[in-house]
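Presented below is the structure to which this report refers.
The values are calculated or read from the model by the stated rules, or taken from the named source; none is laboratory data. The shown structure was predicted, so the numbers you read here are calculated from the model rather than taken from an experiment. Virtual Cβ from ideal backbone geometry, glycine too; neighbours counted across all protein chains shown. SASA here: full protein model, heavy atoms, side chains in, ligands and nucleic acids out. Shrake-Rupley method; radii C 1.70, N 1.55, O 1.52, S 1.80 Å.
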Amino acid sequence: MKIIKIASSTLLILSALTLTNCSQNNSTAAKADNKAPVKKADSVKKASDTIAAQPVSYPPIDHAQYDSLMKKLAHGDTTGKWPVKGAPYPLPGAILPYKRVVAFYGNLYAKKMGILGEIPPNEMLAKLKGEVKNWEKADPTTPVQPALHYIAVVAQGDGGKDGKYRYRMPAKGIDSVIRLAKRANAIVFLDVQVALSNIHTELPLLEKYLAMPQVHFGMDPEFSMKDGVTRPGKKIGTYDAEDINYVSDYLAKLVRKYNLPPKILIVHRFTQKMVTNYKNIKLHPEIQLVMDMDGWGEPELKGGTWRYFIHNEPVQFTGFKLFYKNDIKKAPHHMLTPTEVLKFKPYPIYIQYQ
């Protein structure tokens with residue numbers, strides 16, 4: 001496959017990649033715009049509690065309807081890979097495959113990490129509403145669920161006090177995103193880039209938010225530096241099925257503990273080694289697992305990456321990422337339209353804009 005080089009960043013300079021990453025300007029969110037309260041950012045757990053919505057009763061899953069929708073998502077695939085065989089039916093209240101999620105990604109403290117923080121909140125929510133309409137027009141048979149996908153733990157170029165090269169964003173930022181999402185009838189994803197820390201340490205710190213029915217989770221292998229030494233951005237990181245299973249198990253326990261609808265778990269991917277032993281990933285009725293094809297480049301390159309790492313290594317559901325700026329860096333290339341994305345097999349059920 002053709003190699004593309006990532007745009008330079010203040011603190012993170014990535015080497016040539018198959019597809020460049022979701023956070024190409026991932027020098028700390030704190031330092032990107034010199035706004036983040038660094039001393040407070042490392043203490044999500046000390047923030048005041050946010051009250052979760054009361055649990056809601058949902059009708060039981062109609063298995064025949066669910067099977068029909070999963071077959072539709074397969075988009076006529078003839079390889080036998082899609083829909084995934086043996087996947088459990090979800091608990092009542094599942095979002096997928098009944099709706100397509102369209103999410104804006106980013107961080108409130110950095111304009112260069114995604115559309116969520118790049119433009120003023122009112123303008124951002126209006127733009128999200130426009131993208132929702134675009135997807136409704138492209139696929140009128142699938143309702144669209146808007147979402148805000150917030151990077152709550154950011155890999156960065158400064159080791160920090162503990163030498164883990166990540167900042168935990170302040171609780172007030174997460175609270176702000178949850179309030180913004182409510183205005184748009186949107187769900188929320190909290191995304192974690194562990195750097196030299198690990199998912200076992202970072203995930204539990206967000207439990208009070210994940211106890212809310214509208215809050216879901218994302219994990220980014222690119223910034224998971226397993227050797228505990230290499231700084232994030234020097235090479236592409238990785239997660240194994242074992243790490244993904246830990247997160248799934250943890251979230252499944254929260255769903256049962258708080259009587260929640262199923263959680264959506266996003267796993268970003270754009271290279272082979274970012275996710276190892278995918279066949280060992282376990283699925284749960286409480287979790288809807290999305291492998292999100294996360295990388296920027298020309299349309300044919302993104303299509304090739306989709307075939308190699310998403311279509312050919314099926315897990316459960318699929319996602320696709322679009323970049324407002326980086327996908328159009330090389331004229332006459334363009335950001336793929338919803339109609340063009342819907343030509344992929346299987347259909348992406350989660351769409352992320354950066």
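Being modelled with pLDDT of 90 or more and either more than 27 Å from Met225 (Cβ to Cβ) or under 18 Å from the mean Cα position of the chain (by Cα) (or both): is that true of Pro332 here? So Pro332 fails the test. Show the residue pairs meeting these rules: Cβ distance below 7 Å; 6+ apart or different chains; first residue within the stretch 155-171 and of a type in the set (S, T, N, Q); second residue open to solvent by 30 Å² or more (accessible area, probe 1.4 Å) and in a loop (DSSP other than H, G, I, E, B). If the second residue must be open to solvent by 30 Å² or more (accessible area, probe 1.4 Å) and in a loop (DSSP other than H, G, I, E, B), the pairs left are Gln156/Leu11; Gln156/Tyr165. Scan the stretch 330-353 residue by residue and report those that are touching a residue at least 60 places away in the same chain (Cβ under 8 Å), part of a loop (DSSP other than H, G, I, E, B) and open to solvent by 10 Å² or more (accessible area, probe 1.4 Å). Answer for the stretch 330-353, where residues must be touching a residue at least 60 places away in the same chain (Cβ under 8 Å), part of a loop (DSSP other than H, G, I, E, B) and open to solvent by 10 Å² or more (accessible area, probe 1.4 Å): Thr337, Leu342, Phe344, Lys345, Tyr347.
Residue count for the stretch 61-110 satisfying the condition of being within 21 Å of Pro143 (Cβ to Cβ), touching a strand residue (DSSP E or B) at 6+ places or on another chain (Cβ under 8 Å) and hydrophobic (A, V, I, L, M, F, W, C): 8.
Scanning the stretch 100-137 for residues that are farther than 27 Å from Ala171 by Cβ and either in contact (Cβ under 8 Å) with a residue 60 or more places away in the chain or touching an Asp or Glu at 6+ places or on another chain (Cβ under 8 Å) (or both) yields a total of 5.
Results for (1) within 20 Å of Thr271 (Cβ to Cβ); (2) basic (Lys, Arg); (3) touching a strand residue (DSSP E or B) at 6+ places or on another chain (Cβ under 7 Å), shown as yes or no for each residue.
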position: Glu313; (1), (2), (3): yes, no, no
position: Lys321; (1), (2), (3): yes, yes, yes
position: Glu340; (1), (2), (3): no, no, no
position: Lys343; (1), (2), (3): no, yes, no
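Scanning the stretch 268-319 for residues that are of a type in the set (D, E, K, R), more than 18 Å from Val192 (Cα to Cα) and either open to solvent by less than 10 Å² (accessible area, probe 1.4 Å) or part of a strand (DSSP E or B) (or both) yields a single hit, Lys302. For the stretch 85-203, the helices (runs of 4 or more DSSP H) that sit wholly inside it and include 1 or more residues that are of a type in the set (S, T, N, Q) and open to solvent by 10 Å² or more (accessible area, probe 1.4 Å) are 121-138, 171-183, 199-202.
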